[in-house]
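Q: Provided herewith is a single structure, encoded as structure tokens, for subsequent inquiry.
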Amino acid sequence: MKNKLKRIAASVLTLALLAVPVLAAAEPVGSRSLNVADGTVYTYSTQAVTSDSGKQTNLHENIFTYKKETQVRPVVAFGSTLYGTSPMNKTIKTLEEQGYSMVAGINGSFFDRATGIPYGIVVTNSILRSGGSANAVGFLADGSALIGDPTVAVTLDYGADAPLVLNYNKAMTVQNGVLLYSQDYDTRTKNTIEGYHVIVRPVGSRAAELRLGQSLTVEVVGMVEDTKSCSIPEDGFLLAIANDTAYKSALTALKGMVMGQQMTLQVTCASGWENVTSAAGGGDMLVENGQVCTDFTLDSAKKMAARTAIGVTNDGSLILYTCDEAGNSEGLTLAQLAERMLALGCRTALNLDGGGSTAAGVTYPGYASGATANVPSDGKLRECANFIFLVRQKQDAGAASKLYLYPFGGYALPGAKLTMTIKAADSSYMAAAVPTSVTFGGTNVTQTSGSTVTVEPGARGAATVTAAAGSLRASATFEIPAAPTSITIKQEGKNTPLTALHIAGGSKTDLTATAWYYGNQVYSADESFEWAVTGEIGEIDGSGVFTAAKTGTDLTGTITASYGETSFTLKVTVGSSQPFADTKGHWAESYITDLYYAGTLQGSTKDGKLYYRPDASMTRQEFIVAMMRYLGTDLSAYQTVSLPFADSSSIADWAKSAMQAAYSLGYLTGSKTNGQLLAKPGATISRQEAMTILSRTKDFPEADLNTLSAFSDSGKIADWAKTALAQMAQQKIISGSKGKLNPTGKVTRAEVAKMLYMLSEL
């Protein structure tokens, strides 16, 4: 039997239950800490939270504590331009190209989802990249931080009685007054309304850069009238204002400027902010002067959600914080987040972009690249406006001076097989060569082979794995819970937990149980559990292999997996019939049947029989409903979402909440027809449309477009769909038929079933 390892979303070097500050009505479950650099500690924390209504929830947190020192410093980074967004991994690559190595990182500013433009200021390398009036966090060269209102203002003195106030690197609207653009925004303004533009360049040898607390003299070198998207000079700036602006006097001022006219750009800010080398705008202040803030009036503040925050403690340490609303963690309200940051010792703390934007990354010692530490609520990391990183200079690794065991630790049941990975790092925590001779040992474990150990049957308390190489030592401890908080059952090789099982008489299926401890997955083997069957449905052995009874009629019963006082009971139907009258013998029969009993697919009843219509096409709204059902999304959380589609009124009532959720999560974007954004809910969906939407639900590896050359009709694939189809083909979610993908053909209900099934297997 397989003894398959169960992954745990926790990171520890040594597992220790620590006394950590908690929210009111919260109980600390465990906290695990790892030094990822001198002065930087990563902590994964779990808390059991009781809401005001009495609901029991779990809270999973990622906390980075940074004490300023010379080897590591905080920075802000974004993609190649402010316009658009960038994923964390791509932004890390940009840092690496600049000679940095990431220690840890979180997402930063709130931003406009349509343009990617951050709402607050952005400063990198001491240069102001974007303006804004929001609260912000700024970092000084020595690693210390400022949090508060930087009161940054960009003005233009053009010789009039009063200077013009400028919006720096923001999108043009009729209410935004005069805009100032640099190529940090993009090479063009990308505005959608016509405006008047003045091109200016610095006088003398000064670079086209704005710095906090400094001024820059520029001269007029050109004008561009009545255009929307306008080119931004590489060696200068672009002044712009909408033609139909509410600020007529400002428009008149720009139109009155002449070639060669010299003017002064001035950047003012609050005291101390002129010295920041990096900064990012945020949202509400959470903690000020050691007191929690309470004036959170927005509805979104009252919702439990994934959150991101940053704070400064009394001793000047920096706290980078995220909590999840996914992976069995319910998140926090904004008021709870404020309490949490205060409990972590913050005298000042700032709310950053949360929800689907929440991201935490860390480079575990011994590894050359970073990894995602949190569980994104969108199912994959969102592309964001910018990120806050702790970085160090890249350097060649020295000799190994530290030894590490991975997984770091967590929770395990007796019988679990733990396959350990050994890593080494030098004195600066950079990945180093692993010693050739490593020995393993520990307590309550038995070495099975090589680096694999088994938690001994009957073990209690904790199991500790040790590794030694010469004078270097490492250990990882796994707590053995007396009773898990919950158990789930899946079929071996499948990722979706079962709510019911339908199996043909006389057949076998290999079931695997997973234990959970306050939302953390527990390492186990199927032999760790006790298995039991009720009813005359068949037999199950000690490793979860169920053999169904031979029968010509449907039989019902249950299968139960238990450990200690915790159990899960699965309803089972054994029979020879399939749920649908029209799928027996169909090439997609197994996919359709599995997804029906998983609650993903539904059919329609006629003459007392259930039909799926496997070869019928699907409308766009039918597809979205099936996809959201497969994803298990709580649609009730999106019922107040306003859809931007001109044809939203034609969405069926039974599909509306699914369409709202799909739009909010970025899966459904619609298409423009005659200048209108349409969802086309009743239109049949093509194969490439379905694959593109599905691809947005997973964080796939980078696409290799050469994969598509295997299909003879790859030339028919739309440019906007090529990346998605390449990703789907690489992951073997799609395989085509007779060497073709038929991208423009109507997707059938059977094809959708297969795609969803294959997607669930990743």
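The values are calculated or read from the model by the stated rules, or taken from the named source; none is laboratory data. What you see is a predicted model; the values in this text were computed from it and never measured. Cβ coordinates were reconstructed from backbone atoms using ideal geometry, including for glycine residues, and neighbour counts include every protein chain displayed.
Q: Out of S427, S437, S401, which single residue is touching a residue at least 40 places away in the same chain (Cβ under 8 Å) and more than 29 Å from the chain's Cα centre (by Cα)?
A: Numbers: S427 fails: touching a residue at least 40 places away in the same chain (Cβ under 8 Å); S437 fails: touching a residue at least 40 places away in the same chain (Cβ under 8 Å).
S401 is the lone residue from the list that is touching a residue at least 40 places away in the same chain (Cβ under 8 Å) and more than 29 Å from the chain's Cα centre (by Cα).
Q: Please work out if T466 is hydroxyl-bearing (S, T, Y), assigned by TED's automatic domain parsing to the domain that holds G538 and at pLDDT 90 or above.
A: Numbers: hydroxyl-bearing (S, T, Y): yes; assigned by TED's automatic domain parsing to the domain that holds G538: no; at pLDDT 90 or above: yes.
Answer is no for this residue.
Q: Out of everything in region 508-548 that is among the hydroxyl-bearing types (S, T, Y) and assigned to a loop (DSSP other than H, G, I, E, B), what residue ends up being surrounded by the fewest Cβ atoms within 10 Å (Cβ to Cβ)? Lay out the reasoning, then the answer.
A: Taking region 508-548 first, the residues among the hydroxyl-bearing types (S, T, Y) are 509, 512, 514, 517-518, 523-524, 528, 534, 543, 547.
Checking which are assigned to a loop (DSSP other than H, G, I, E, B) leaves us with 518, 524, 543.
On the way: Y518: 23, S524: 27, S543: 18.
For region 508-548, the residue satisfying everything is S543.
Q: Conditions first: (1) closer than 20 Å to N176 by Cβ; (2) modelled with pLDDT under 95; (3) not small (G, A, S). Y196 passes all but one, so which condition is the exception?
A: Condition not satisfied by Y196: (2).
Here is a yes/no grid of residues against (1) modelled with pLDDT under 90; (2) hydrophobic (A, V, I, L, M, F, W, C); (3) surrounded by fewer than 18 Cβ atoms within 10 Å (Cβ to Cβ); (4) not assigned by TED's automatic domain parsing to the domain that holds K746:
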position	(1), (2), (3), (4)
L694	no, yes, no, no
T697	yes, no, no, no
F700	yes, yes, no, no
D704	yes, no, yes, no
S712	no, no, yes, no
A718	no, yes, yes, no
K732	yes, no, yes, no
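Q: If you scan region 209-243, which residues turn out to be crowded, with 19+ Cβ neighbours inside 10 Å and either farther than 11 Å from Y181 by Cβ or touching a Phe, Trp or Tyr at 6+ places or on another chain (Cβ under 7 Å) (or both)?
A: Within region 209-243, L210, L212, L216, V218, V220, I232, F237, L238, A240, I241, A242 qualify.
Q: What is the residue count in region 402-427 for residues that are of a type in the set (S, T, N, Q) and outside any loop (DSSP other than H, G, I, E, B)?
A: Going through region 402-427, the residues of a type in the set (S, T, N, Q) turn out to be 419, 421, 427.
Now narrow it down to the ones that are outside any loop (DSSP other than H, G, I, E, B): 419, 421.
Adding up the residues that qualify gives 2.
Q: Against the conditions (1) loosely packed, with under 15 Cβ neighbours inside 10 Å; (2) in contact with a Gly (Cβ under 9 Å, 6 or more places away or on another chain); (3) not hydrophobic (A, V, I, L, M, F, W, C), where does Q175 fall short? Just the number, please.
A: (2)
Q: Which of the following residues is without any contact (Cβ under 8 Å) to a residue 24 or more places away in the chain and in contact with a Gly (Cβ under 7 Å, 6 or more places away or on another chain): T499, T477, T464, T443? Let's see the steps before the verdict.
A: Details: T499 fails: without any contact (Cβ under 8 Å) to a residue 24 or more places away in the chain; T477 fails: without any contact (Cβ under 8 Å) to a residue 24 or more places away in the chain; T443 fails: in contact with a Gly (Cβ under 7 Å, 6 or more places away or on another chain).
Result of the check over T499, T477, T464, T443: T464.
Q: Also, quick follow-up: Identify the single condition in (1) free of Cβ contacts under 8 Å to residues at least 12 places away in the same chain; (2) within 17 Å of G356 (Cα to Cα) that T673 does not satisfy, given that it satisfies every other one.
A: (2)
Q: Next question, about the same structure. Of a type in the set (G, A, S), without any contact (Cβ under 8 Å) to a residue 40 or more places away in the chain, assigned to a helix (DSSP H, G or I) and farther than 15 Å from Q336 by Cα, is that true of S271?
A: On the way: of a type in the set (G, A, S): yes; without any contact (Cβ under 8 Å) to a residue 40 or more places away in the chain: yes; assigned to a helix (DSSP H, G or I): no; farther than 15 Å from Q336 by Cα: yes.
No.
Per-residue answers, yes or no, for (1) modelled with pLDDT of 95 or more; (2) within 30 Å of T115 (Cβ to Cβ); (3) surrounded by fewer than 17 Cβ atoms within 10 Å (Cβ to Cβ):
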position	(1), (2), (3)
F387	yes, yes, no
K394	no, no, yes
P407	no, no, no
Y411	yes, no, no
A416	yes, no, no
S428	no, no, no
T436	no, no, yes
Q491	no, no, no
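Q: Right, another one. So, in region 473-489, exactly how many residues are surrounded by fewer than 17 Cβ atoms within 10 Å (Cβ to Cβ) and in a strand (DSSP E or B)? Reasoning before the result, please.
A: Step one: of region 473-489, the residues surrounded by fewer than 17 Cβ atoms within 10 Å (Cβ to Cβ) are 473, 482-483, 486.
In the following step, the residues that additionally are in a strand (DSSP E or B) were identified as 473, 486.
Selection size over region 473-489: 2.
Q: Within region 274-297, which residues are part of a loop (DSSP other than H, G, I, E, B) and not hydroxyl-bearing (S, T, Y)?
A: Our first condition is that a residue be part of a loop (DSSP other than H, G, I, E, B); within region 274-297, this holds for 276-277, 282-284, 289-290, 293-297.
V276, G282, G283, D284, N289, G290, C293, D295, F296 - these are the residues of region 274-297 that are part of a loop (DSSP other than H, G, I, E, B) and not hydroxyl-bearing (S, T, Y).
Q: Can you list the strands (runs of 3 or more DSSP E) lying wholly within region 309-401 that have 1 or more residues being basic (K, R) and either touching a Ser or Thr at 6+ places or on another chain (Cβ under 6 Å) or closer than 25 Å to V522 by Cβ (or both)? Let's see the steps before the verdict.
A: Numbers: elements: 318-323, 346-352, 360-362, 387-393.
Passing ranges, in order: 387-393.
Q: Within region 451-461, identify whether any single residue is within 30 Å of Q395 (Cβ to Cβ) and surrounded by 15 or more Cβ atoms within 10 Å (Cβ to Cβ), and answer yes or no.
A: Here is the first cut: in region 451-461, the ones within 30 Å of Q395 (Cβ to Cβ) are 451.
Okay, now just the ones that are also surrounded by 15 or more Cβ atoms within 10 Å (Cβ to Cβ), so 451.
Taking every residue of region 451-461 in turn, at least one turns out to be within 30 Å of Q395 (Cβ to Cβ) and surrounded by 15 or more Cβ atoms within 10 Å (Cβ to Cβ).
Q: Further, regarding this structure: Please find, among T94, T85, the residue that is hydroxyl-bearing (S, T, Y) and over 30 Å from M341 (Cα atoms).
A: Numbers: T85 fails: over 30 Å from M341 (Cα atoms).
The match here is T94.
Q: Restricting attention to region 133-150, which residues are surrounded by fewer than 23 Cβ atoms within 10 Å (Cβ to Cβ) and in a loop (DSSP other than H, G, I, E, B)?
A: S133, A134, N135, L140, A141, D142, G143, S144, D149
Q: Identify, by number, the condition in (1) touching a strand residue (DSSP E or B) at 6+ places or on another chain (Cβ under 9 Å); (2) surrounded by 17 or more Cβ atoms within 10 Å (Cβ to Cβ); (3) more than 26 Å from T452 (Cα to Cα); (4) touching a residue at least 24 places away in the same chain (Cβ under 8 Å) that A561 doesn't meet.
A: For A561, the exception is condition (3).
Q: Ok, one more. Evaluate region 549-570: report whether one residue or more is touching a helix residue (DSSP H, G or I) at 6+ places or on another chain (Cβ under 7 Å) and within 19 Å of G410 (Cα to Cα).
A: Just the residues of region 549-570 that are touching a helix residue (DSSP H, G or I) at 6+ places or on another chain (Cβ under 7 Å), to begin with: 563.
Retained after the next criterion (residues that are within 19 Å of G410 (Cα to Cα)): 563.
Yes - at least one qualifying residue is present in region 549-570.
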